[in-house]
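Contents: one structure, followed by commentary.
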Amino acid sequence: LSSRLAASERENMVHKQTISGLERQIESLVAQFSALQSNLSGIQRSVTTLESNKGVTASEVTSILRDELKTATQPLHEQGQELRAETKLLHKNIADLRAYVDELVVEEEQ
């Protein structure tokens with residue numbers, strides 16, 4: 001029983017490390033989104049300048065920006081989906097581990 005409990009504790013530690021890794025990845029994504037917002041602000045200023053200096057229409061600029069933004073955010077979107085899937089699996093594993101530990105406690109009490 002004590003060896004099973006020790007194994008559960010090791011598994012719990014692995015889950016905690018995984019959670020820490022996910023938190024770091026989320027922080028990285030937030031930083032990437034912040035950088036993207038900053039870049040978008042710069043692009044908006046450039047668009048305004050282009051419109052006034054070169055006669056580029058707003059619809060042309062919008063179309064170009066939409067395509068560029070989609071390309072730029074695709075990796076972030078994919079990372080976000082992967083993180084959500086990992087987090088969902090991790091929550092399931094943690095719930096399973098809690099149930100297992102509860103079973104061990106019940107066995108020990110009996």
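The values are calculated or read from the model by the stated rules, or taken from the named source; none is laboratory data. Remember, it's a predicted structure, so these values are computed and weren't measured experimentally. Here the Cβ positions follow ideal geometry from the backbone for every residue, glycine too, while neighbour counts run over all protein chains shown.
Points to keep in mind about this one:
- Selection within the range 42-85 - in contact with a Leu (Cβ under 8 Å, 6 or more places away or on another chain) and either exposed (fewer than 10 other Cβ atoms within 10 Å of the Cβ) or assigned to a helix (DSSP H, G or I) (or both): Ile43, Val47, Val61, Leu69, Ala72, Thr73, Leu76, Gln79, Gly80, Leu83
- Some residue of the range 65-87 being modelled with pLDDT of 85 or more, over 30 Å from Leu104 (Cβ atoms), out of contact with any strand residue (DSSP E or B) (no Cβ under 9 Å at 6 or more places or on another chain) and of a type in the set (A, V, I, L, M): yes
- Close pairs from the range 72-90: first polar (S, T, N, Q), partner surrounded by 11 or more Cβ atoms within 10 Å (Cβ to Cβ), Cβ under 8 Å, at least 6 apart: Thr73/Leu36; Gln79/Gln25; Gln79/Leu29; Thr87/Leu22
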